[in-house]
Amino acid sequence: MLRHCRIVCSALTAFFWVLGARNAEAQVPQPTHSSLDRWLPGSDAEAILSVDTAKLPPPHSYDLWFAAGYVRNLLLVTDDNGGATGVLVGSRLFSHLGGSYTALPWLQVGANLPLVLYQARGDAPSAALGPVGALAAAGLGDLSLRAKLALASAQKLGVDLAFVGALSLPTHAPRNAYLGDDGVSFSGAVTASRQLFNFELSADLGYFWRRSAQFLNATLGPEVRAGFGVRRDLEPLTSLPVAAEVTWTLAARPASPFKNINETPSELLFGATYHKWLPLVIGAAAGLGVAAGIGTPDVRVLLTARWVARPANNGAVSETVGPCPAAPADFDGFLDDDGCPATAVSIQSDRLVLGDNVNFEVNKSVLVPKSQALLKRLGDALRANPQIKKVRIEGHTDSDGDAQDNLHLSQARANAVRDFLITMGVSADRLIAEGFGASRPVATNATGGGRSKNRRVEFMIVDATKADKARETAK
């Protein structure tokens, strides 16, 4: 698959370049005031690697991220005949620190700071390049300030649309390390994304402005940039909280696009994220340069970590499973503001009923924090009632989507609840997890309210002969 993707991307890049191919110009001494590496972390956990989606997290959400990586041959120098004459930046270890905050339903703001932890030249440059000064081994990059504005939703247009802008300040130091641009730079892009079957697709097209500088046989300056990303949640297939991601990024000079391959960097990345330990999301990625433009590495390897803070009860992030029961006989007697016992556990003849909804991340088996608090109370009830010998945790979904995916998702959610209760001190021998998909609806799937009722987790007492004693104890 990697080979096929690289062939396709290389063919597309080469096609555009061949349309306007020209002979290489005479080389001149290279500037060191230049930000070679175009890779940046996405604005939030919704991003597909570096490609932002048009979705905004709910208000008062924030993301903090740390990314670290390695690139090889970030700046490979060639002569007028295409032969390699040396490597100006051969190896680089880098990192990014940043964060974002969603202030309004339509506005997110953030910042990112790149750092170079170590870099080295590589092969000795040819004498044809002239004098080449020392390369600083580490340094600070340009601080970028970001904003993402929601423009339209998929409900109206069929795709989500957003504008993503950034202002970069010349904070780089030292000056002889290819860490930042000469002066202020800014960028703006329109991003479109949508869910298609089990895939999340995103694409952006934008303009990046910086001061122009001649760099060998290429001009570094303003660029038109594009990015394409695809993400597939693998949890319904594997019961593992993992998502696979692929991105392809491309840049070109707006005045003469694709006329010089050195001015047409292109990169392909493959990655995955693991979100079992929310709010911590970790990821890894690896990729390669598709076209040998300036700033395109031969190889890139990434490790990322995000702290993803979301409002626990916001429907944009969590998926509600099951309605609040009407006045159950609660275990603790405390009621929520809406009159529903938010932390109650009702022990009935054949089941345990929670007084609040069980919430998961959308299409995932990751419990949101409020549901974790609720399940802690359920764990207390089970430990206080050893008469209940065994409980079957049943996962159910609505009928939307593929039936097999729904079955896997329901099993993954039941497993997640069982695993959590075990961490709360409930014996694993007392818990059975089983997913039923959409095969046991309790309401119609033709309405949103009905589908919400069908998405549920139920706790069935398997040893029904012991239920009455347990119920009396709870009272």
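The values are calculated or read from the model by the stated rules, or taken from the named source; none is laboratory data. Just so we're clear, the structure is a prediction, and the values are computed from it rather than from any experiment. Cβ: placed from backbone, ideal geometry, glycine included. Neighbour counts: every protein chain shown.
Looking across the range 215-241, the residues that are modelled with pLDDT of 90 or more and of a type outside the set (Phe, Trp, Tyr) come down to Pro222, Glu223, Val224, Arg225, Ala226, Gly227, Gly229, Val230, Arg231. Taking the range 365-473 and the helices (runs of 4 or more DSSP H) fully enclosed by it, the elements with 3 or more residues that are closer than 24 Å to Leu280 by Cβ are at 369-384, 403-423.
Only one of the numbered conditions (1) crowded, with 20+ Cβ neighbours inside 10 Å; (2) more than 24 Å from Leu36 (Cα to Cα) is not met by Tyr274, and that is (1). Within the range 17-30, none of the residues are modelled with pLDDT of 60 or more, among the acidic types (Asp, Glu) and closer than 25 Å to Arg210 by Cα.
Within the range 230-241, which residues are surrounded by fewer than 21 Cβ atoms within 10 Å (Cβ to Cβ) and either in a strand (DSSP E or B) or not aliphatic (A, V, I, L, M) (or both)? Scanning the range 230-241 gives Val230, Arg232, Thr238, Ser239. Looking across the range 174-200 at every residue that is among the aliphatic types (A, V, I, L, M) and either in a loop (DSSP other than H, G, I, E, B) or exposed (fewer than 13 other Cβ atoms within 10 Å of the Cβ) (or both), the one that is nearest to the chain's Cα centre (by Cα) is identified as Leu196.
Go through the range 262-278 residue by residue and tally those that are of a type outside the set (Val, Ile, Thr) and part of a strand (DSSP E or B). Quick ask: steps written out before the conclusion?
So the first thing to find is which residues in the range 262-278 are of a type outside the set (Val, Ile, Thr), and the list is 262-263, 265-272, 274-278.
Still in the running and part of a strand (DSSP E or B): 266-272, 274.
Adding up the residues that qualify gives 8.
Scanning the range 221-252 for residues that are of a type outside the set (A, V, I, L, M, F, W, C), without any contact (Cβ under 8 Å) to a residue 40 or more places away in the chain and within 19 Å of Ala284 (Cα to Cα) yields one hit, Arg232. Only one entry of Thr102, Thr85, Thr53 meets the criterion of being modelled with pLDDT under 90 and of a type in the set (Val, Ile, Thr), and that entry is Thr85.
Tell me the residue from Thr249, Thr264 that is under 23 Å from Gly165 (Cβ atoms) and in contact with a strand residue (DSSP E or B) (Cβ under 8 Å, 6 or more places away or on another chain), please. So the residue among Thr249, Thr264 that is under 23 Å from Gly165 (Cβ atoms) and in contact with a strand residue (DSSP E or B) (Cβ under 8 Å, 6 or more places away or on another chain) is Thr249. Give me a count of the residues in the range 344-390 that are within 17 Å of Arg456 (Cα to Cα), touching a residue at least 60 places away in the same chain (Cβ under 8 Å) and among the basic types (Lys, Arg). So the count comes out to 2. The sole residue among Ala251, Ala244 that is assigned to a strand (DSSP E or B), at pLDDT 90 or above, among the small types (Gly, Ala, Ser) and under 30 Å from Ala414 (Cα atoms) is Ala244.
Just to be sure I understand, how many residues within the range 328-364 are aromatic (Phe, Trp, Tyr), in contact with a strand residue (DSSP E or B) (Cβ under 9 Å, 6 or more places away or on another chain) and either in a loop (DSSP other than H, G, I, E, B) or modelled with pLDDT under 80 (or both)? Steps first, please.
Of all residues in the range 328-364, those aromatic (Phe, Trp, Tyr) come to 331, 334, 360.
Now narrow it down to the ones that are in contact with a strand residue (DSSP E or B) (Cβ under 9 Å, 6 or more places away or on another chain): 331, 360.
Keeping just the survivors that are either in a loop (DSSP other than H, G, I, E, B) or modelled with pLDDT under 80 (or both) gives 331.
Selection size over the range 328-364: 1.
A residue that is modelled with pLDDT under 85, more than 20 Å from Arg306 (Cα to Cα) and of a type in the set (A, V, I, L, M, F, W, C) occurs nowhere in the range 63-72.
When residues of the range 115-138 are filtered for being modelled with pLDDT of 80 or more, surrounded by 15 or more Cβ atoms within 10 Å (Cβ to Cβ), in a loop (DSSP other than H, G, I, E, B) and of a type in the set (A, V, I, L, M), how many remain? Write out each step before concluding.
So the first thing to find is which residues in the range 115-138 are modelled with pLDDT of 80 or more, and the list is 115-121, 135-138.
Still in the running and surrounded by 15 or more Cβ atoms within 10 Å (Cβ to Cβ): 115-116, 119, 121, 135-136, 138.
Next, from what is left, pick out any that are in a loop (DSSP other than H, G, I, E, B): 121, 135-136, 138.
After this cut, where a residue has to be of a type in the set (A, V, I, L, M) as well, the list is 135-136, 138.
Residues in the range 115-138 being modelled with pLDDT of 80 or more, surrounded by 15 or more Cβ atoms within 10 Å (Cβ to Cβ), in a loop (DSSP other than H, G, I, E, B) and of a type in the set (A, V, I, L, M): 3 in total.
Looking across Val290, Val301, Val281, one residue alone is assigned to a strand (DSSP E or B) and within 17 Å of Val89 (Cβ to Cβ). It is Val301. Any idea which of (1) within 21 Å of the chain's Cα centre (by Cα); (2) modelled with pLDDT under 90; (3) polar (S, T, N, Q) is the one Asn112 doesn't satisfy? (2) is the only condition that Asn112 fails.
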